[in-house]
Amino acid sequence: MTAMSLENHSTDLSHSPAAEPTAQASTAPFTSKKALWTGRILTALVALFLLFDASVKLLELPMAVEGTASLGYPQGAVFGIGVVGLVCLVLYLIPRTAVLGAILWTGYLGGAVATHVRVNNPLASHTLFPIYVGAFLWAALWLRDARLRSLVPFRRAT
């Protein structure tokens, strides 16, 4: 066989008919309306929390200013942090840019984890809290976006 004919006889199983039922079976339980609504409800809960968080920062409420200062950031940074959070949230809520929004939120929340580690806050209640939020954020997106489910499939053990 020549090199040209080898290219035409690729062994990439991801496009073979035999591979398709497995991929469909791995995401089939998550294509139901129940899963879609679960994703939407999780999205709403996470979005409400993140909107509240961004709002108190944008309004520079005393609890946001004091909390941010106690973490070692200047008081003048509160508004800017709120703007970044709001931009990430808007991107997350637009279906076309939801994955970008989730990626940006992941970076933002990673910074929050680093901040809590730096000031030696309690692990479960403070340091890991942004990870909990990020997990819900991604789970909600995974449940409502078939493209993400095909990119990150969870399969049952066979």
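Taking segment 71-83 as the region of interest, how many residues are touching a residue at least 24 places away in the same chain (Cβ under 8 Å) and either polar (S, T, N, Q) or assigned to a helix (DSSP H, G or I) (or both)?
Summing the residues that are touching a residue at least 24 places away in the same chain (Cβ under 8 Å) and either polar (S, T, N, Q) or assigned to a helix (DSSP H, G or I) (or both) in segment 71-83 gives 3.
Could you list, in sequence order, the residues of segment 107-146 that are within 30 Å of THR68 (Cβ to Cβ), assigned to a loop (DSSP other than H, G, I, E, B) and touching a residue at least 12 places away in the same chain (Cβ under 8 Å)? Steps first, answer last, please.
So the first thing to find is which residues in segment 107-146 are within 30 Å of THR68 (Cβ to Cβ), and the list is 107-141.
Next, from what is left, pick out any that are assigned to a loop (DSSP other than H, G, I, E, B): 119-122, 128.
Answer for segment 107-146, where residues must be within 30 Å of THR68 (Cβ to Cβ), assigned to a loop (DSSP other than H, G, I, E, B) and touching a residue at least 12 places away in the same chain (Cβ under 8 Å): VAL119, LEU128.
Among the residues of segment 85-105, which ones are assigned to a helix (DSSP H, G or I) and surrounded by fewer than 17 Cβ atoms within 10 Å (Cβ to Cβ)? Can you show your working first?
First pass over segment 85-105, keeping only residues assigned to a helix (DSSP H, G or I): 85-93, 95-105.
Matches in segment 85-105: VAL87, VAL90, LEU93, PRO95, ARG96, THR97, LEU100, ILE103.
Spot the failing condition for ARG149; the list is (1) closer than 17 Å to VAL56 by Cα; (2) outside any loop (DSSP other than H, G, I, E, B), and only one is missed.
Single failed check for ARG149: (1).
Test LEU36 against the stated conditions and say whether it is of a type in the set (A, V, I, L, M), at pLDDT below 95 and surrounded by 10 or more Cβ atoms within 10 Å (Cβ to Cβ).
On the way: of a type in the set (A, V, I, L, M): yes; at pLDDT below 95: yes; surrounded by 10 or more Cβ atoms within 10 Å (Cβ to Cβ): yes.
Taking the combined requirement at face value, the residue satisfies it.
Looking at (1) surrounded by fewer than 17 Cβ atoms within 10 Å (Cβ to Cβ); (2) in contact with a Phe, Trp or Tyr (Cβ under 6 Å, 6 or more places away or on another chain), which is the only condition ALA114 fails?
So the condition that ALA114 fails would be (2).
Working only within segment 54-76, note down all residues that are small (Gly, Ala, Ser), exposed (fewer than 15 other Cβ atoms within 10 Å of the Cβ) and more than 19 Å from GLY134 (Cα to Cα). Can you show your working first?
Here is the first cut: in segment 54-76, the ones small (Gly, Ala, Ser) are 54-55, 64, 67, 69-70, 72, 76.
Then keep just the ones that are exposed (fewer than 15 other Cβ atoms within 10 Å of the Cβ); that gives 55, 67, 69-70, 72, 76.
Those that are small (Gly, Ala, Ser), exposed (fewer than 15 other Cβ atoms within 10 Å of the Cβ) and more than 19 Å from GLY134 (Cα to Cα): GLY67, ALA69, SER70, GLY72, GLY76.
The values are calculated or read from the model by the stated rules, or taken from the named source; none is laboratory data. This is a predicted model, so every value here is computed, not measured. Don't worry about glycine lacking a Cβ; one is built from the backbone with ideal geometry, like all the others, and counts go over all protein chains shown.
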